[in-house]
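Trainee: Okay, here's the structure, questions in a sec.
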Amino acid sequence: MRLDSAPDPSQDTALDALERAGQPVVRIGLADPYHLGQEFFRWEVATAVAGSVMGINPFNQPDVEASKVATRKLTSEYEETGALTPETPLLQDSGIKLFTDEANATALARTAGQGDRTLVSYLRAHLNRIMAGDYLAILAYIEMNHAHEDQLQAIRHAIRDQKHVATCLGFGPRFLHSTGQAYKGGPNTGVFLQITCDDVFDLRVPGQKYTFGLVKAAQALGDFQVLAERGRRVLRVHLGANVQAGLATLQEVMGQALGPRPGF
């Protein structure tokens, strides 16, 4: 969609290419920048209509609340025991750990093959679960900065171009109150790649035993648990403490999982 108050030949060229490729394109011209207010109203109504069509309640967020309940359970567990329930990685390779639930682990092992248990094979198996009409969402529970976003966008673009599906990137936990409702409460057409890390710097939450890093980890785990409970195709990639190096490794391995592509 293009929304502007003045022509832009470079944008027109890009939109023309999308139209020729058969993608839906909408052009909305504004007579005055102050008309942006009416566009806010238009798209608020459009969001409500789209939510109804997709079977998502656009005026409530019950599936977001389910994630909050799971998170509170995890932080309460930490308050009582001083630790979260230990997790066993599905795979540990090249400084990266993979985690998922039993159902997804079984599906991935079957697709990856018994004799090929590598980071590349598991990521390839996960991406091969993307079907026509699906979308791929990267759920990044890491620091939101330009360097991390550039690396994640490169991965997202590679998946988009190779799989020819819609893709999106969100930084957690901020996306939970927007697209998070669609991920868990909408149609089961999403394939999810959750990305977590260890925090190098952390601070204790005043009056609690746990830290802010633990809260973030619990939010990611709670979000993951609800996605898995809803039968979503989800895989968690844990990068460790050196996030930028971990993302560089992930980008390289993802390129191998997707196969050769110019510009990756």
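Trainee: Looking at Asn145, Ala132, Val237, which one has the Cα that reaches farthest to the positive end of the dipole of the chain (charges on Cβ: Lys, Arg +1; Asp, Glu -1)?
Mentor: Selected residue: Ala132.
Trainee: Here is a follow-up. Can you tell which of Gln11, Gln38, Val49 lies farthest toward the positive end of the dipole of the stretch 2-54, using +1 and -1 charges on the Cβ of basic and acidic side chains (Lys, Arg; Asp, Glu)?
Mentor: Value computed over the given set: Val49.
Trainee: Something else: Could you list the trypsin sites (Lys or Arg not before Pro) in the stretch 125-228 that lie in coil according to DSSP, counting only those with at most 15 other Cβ atoms within 10 Å of their Cβ?
Mentor: Loop-located and lightly packed - Arg129, Lys209.
Trainee: Where nothing but the Cβ of Lys and Arg (+1) and of Asp and Glu (-1) is charged, how large is the charge dipole of the stretch 109-175 around its Cα centre, in debye to the nearest 20?
Mentor: Here the size comes out at about 280 debye.
Trainee: Mind checking the angle between helix 62-81 and the chain's longest principal axis? C-alpha axes, 0 to 90 degrees, to the nearest 10.
Mentor: Tilt of helix 62-81: around 20 degrees.
Trainee: Let me ask something else. Under a cut-off of 12 Å between alpha-carbon atoms, report the aspartates and glutamates in cross-link reach of Lys68, not counting same-chain residues fewer than 8 places apart.
Mentor: Counting by Cα, and skipping residues close in sequence, Lys68 has these aspartates and glutamates nearby: Asp223.
Trainee: Which of the residue pairs Lys73/Lys163; Lys73/Lys184; Lys163/Lys216 have a Cα-Cα distance greater than 26 Å in the structure shown?
Mentor: Lys73/Lys163; Lys163/Lys216
Trainee: Report, to one decimal in Å, the Kirkwood hydrodynamic radius for the chain based on all distinct Cα pairs.
Mentor: Taking the inverse mean of 1/r over all distinct Cα pairs, the chain comes out at 20.4 Å.
Trainee: Something else: How much of the calculated P(r) for the stretch 2-54 lies past 16 Å, in percent of all Cα pairs?
Mentor: 55
Trainee: Next up: What fraction of the DSSP beta bridges in the chain is antiparallel, stated in percent and rounded to the nearest 5?
Mentor: 25
Trainee: Compute the angle between helix 146-163 and the longest alpha-carbon principal axis of the chain, please, reported from 0 to 90 degrees and rounded to the nearest 10.
Mentor: It works out to around 70 degrees.
Trainee: What residues have an amide H closer than 5 Å to that of Val234, excluding those fewer than 5 places away on the same chain, when H is modeled at 1.01 Å from N in the peptide plane?
Mentor: Phe192
Trainee: Let me ask another. Which value, in debye to the nearest 20, gives the size of the charge dipole of the stretch 2-54 about its Cα centre, when Lys and Arg are +1 and Asp and Glu are -1 at the Cβ?
Mentor: About 180 debye.
Trainee: Hey, another quick one. Largest first and in whole Å, give the semi-axes of the stretch 18-86's equivalent ellipsoid, each being the square root of 5 times a Cα gyration tensor eigenvalue.
Mentor: 42, 17, 14
Trainee: What translational diffusion coefficient, in µm²/s and rounded to a whole number, does the Stokes-Einstein relation yield for the stretch 165-215 at 37 °C and a viscosity of 0.692 mPa s, taking the hydrodynamic radius as the Kirkwood radius over Cα pairs?
Mentor: 244
Trainee: Next question. Given a cut-off of under 8 Å on Cα pairs at least six residues apart, what relative contact order in percent is computed for the chain?
Mentor: Relative contact order here is 24 percent.
Trainee: What chymotrypsin sites (Phe, Trp or Tyr not before Pro) does the stretch 125-210 have in DSSP loop regions with at most 11 other beta carbons within 10 Å?
Mentor: Phe201
Trainee: Alpha carbon centre of the stretch 1-47 versus the stretch 175-236: separation in Å?
Mentor: Here the two parts' Cα centres lie 33 Å apart.
Trainee: In terms of modelled amide H atoms, which long-range or inter-chain residues lie less than 5 Å from the amide H of Thr211?
Mentor: Val205
Trainee: Starting from one equal scatterer on each C-alpha and no solvent at all, send me the Debye-based log10 I(q)/I(0) for the stretch 80-143 at q = 0.16, 0.22, 0.27 Å⁻¹, two decimals.
Mentor: Log-scaled intensity ratios, in q order: -0.66, -1.06, -1.30.
Trainee: Please identify the GluC sites (Glu not before Pro) of the stretch 1-93 that satisfy two criteria: DSSP loop assignment and at most 12 other Cβ atoms within 10 Å. Which are they?
Mentor: Glu87
Trainee: Which value, in debye to the nearest 20, gives the size of the charge dipole of the chain about its Cα centre, when Lys and Arg are +1 and Asp and Glu are -1 at the Cβ?
Mentor: So the magnitude is around 600 debye.
Trainee: Still on this model: As I understand it, the value is the acute angle between the Cα axis of helix 212-229 and the longest principal axis of the Cα atoms of the chain; what does it come to in degrees, rounded to 10?
Mentor: Tilt of helix 212-229: around 80 degrees.
FYI, it's all coordinate maths here, none of it is from the lab. Keep in mind it's a predicted model, so treat the numbers as computed, not measured. So basically every Cβ, Gly included, is an ideal-geometry build from the backbone, and we count neighbours across all protein chains shown.
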